1. Whose amide H sits under 5 Å from the amide H of F132, counting only residues 5 or more places off or on another chain, with H placed in the peptide plane?
2. With +1 on the Cβ of every Lys and Arg and -1 on the Cβ of every Asp and Glu, and nothing else charged, how large is the dipole of the range 58-193 about its Cα centre, in debye rounded to the nearest 20?
3. Give me the Kirkwood hydrodynamic radius of the chain, using the inverse of the mean 1/r over all pairs of distinct Cα atoms, in Å to one decimal.
4. Which of G71, G160, G21 moves most in a GNM of the chain, Cα contacts under 10 Å?
5. Which loop chymotrypsin sites (Phe, Trp or Tyr not before Pro) in the range 76-152, with loop taken from DSSP, have no more than 16 other Cβ atoms within 10 angstrom of their Cβ?
6. Relative contact order for the range 82-214: what percent, with Cα pairs under 8 Å and sequence separation of 6 or more?
7. Taking H placed 1.01 Å from N in the peptide plane, check which residues at least 5 places from S173 or on another chain put their amide H under 5 Å from its amide H.
8. Take I168, I22, I141 and order them by how many other Cβ atoms sit within 10 Å, fewest up front.
Amino acid sequence: MSKLLSYLYPITKKIQSEFSGILEITWYNGKKHLNTKNANYSYGSLQRILKFGLEKIDLKKVNSILLLGLGGGSVIETLRHDFSYANHITAVDIDPTVIEIAKNEFNLKEDEHLKIICEDALLFMQLNNQQFDLIIIDLFIDVDVPKQFLAIPFWNDILGASATNGTILFNASLDKTKSNALNDVIEFLKSHMYHTEVFEKVNTTNTLVLSKGL
């Protein structure tokens, strides 16, 4: 019924999250979205933004993906349905409420090809000893990327987890112009032999950084 009524007007349910504040699950034009007060977390503009980046990656050469920032799981849906990606994904999110929403509201299910870990991405990377062909970084609290994820120690850990010739896709900013910290990250990647492209105002809003190991 909510799906049908959503073609007439949005229907929203609000859930309190310790990490993200008020989360909104909204039916709109027959599709369910996960939003914060100021940003789309999943199944809306965010999904289109990350799909733009994924279209520039040869996923046939990717056997393992690390996703930092699960949200409602829309990037996993995009990988599975739009790109027929069937290999393993490890997804990390600090927020147990978001993980429960992904499972209960968006039918995301763990199986032999998907592992979901409730953990701070910073700590996860510090303790990680695996390597991945593709690392997707989508770490927002509302409209902001927390400053620790724009710091070079975190990016040292990212490079350590990136397989030889691996790829990194970073949903980096909602700012109209890149911050000094983001510029430092971009230069850091370039200095470590990663071919790095920056795409401004993807879907009219976000900056995406795409880096491929040489």
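1. The answer is S162, A163.
2. On the way: 10 positive and 20 negative charges, 88 e Å.
The dipole of the range 58-193 has a size of about 420 debye.
3. Details: mean 1/r = 0.0571 Å⁻¹.
Here the Kirkwood hydrodynamic radius works out to 17.5 Å.
4. Most flexible of the set in this elastic network: G21.
5. Values: sites: F83, Y85, F106, F124, F132, F140, F149; in loops: F83, Y85, F106, F140.
Answer by residue number: F83.
6. Numbers: 187 pairs, mean separation 26.7, N = 133.
Once divided by the residue count of the range 82-214, the mean separation gives 20 percent.
7. T207
8. Starting with the residue having the fewest Cβ neighbours, the order is I22, I141, I168.
Since every read-out is calculated from the coordinates, none of them should be taken as a lab result. Computed from a predicted model, the values in this text were never measured in an experiment. With ideal geometry, Cβ positions are generated from the backbone for all residues, glycine too; neighbour counts draw on all protein chains shown.
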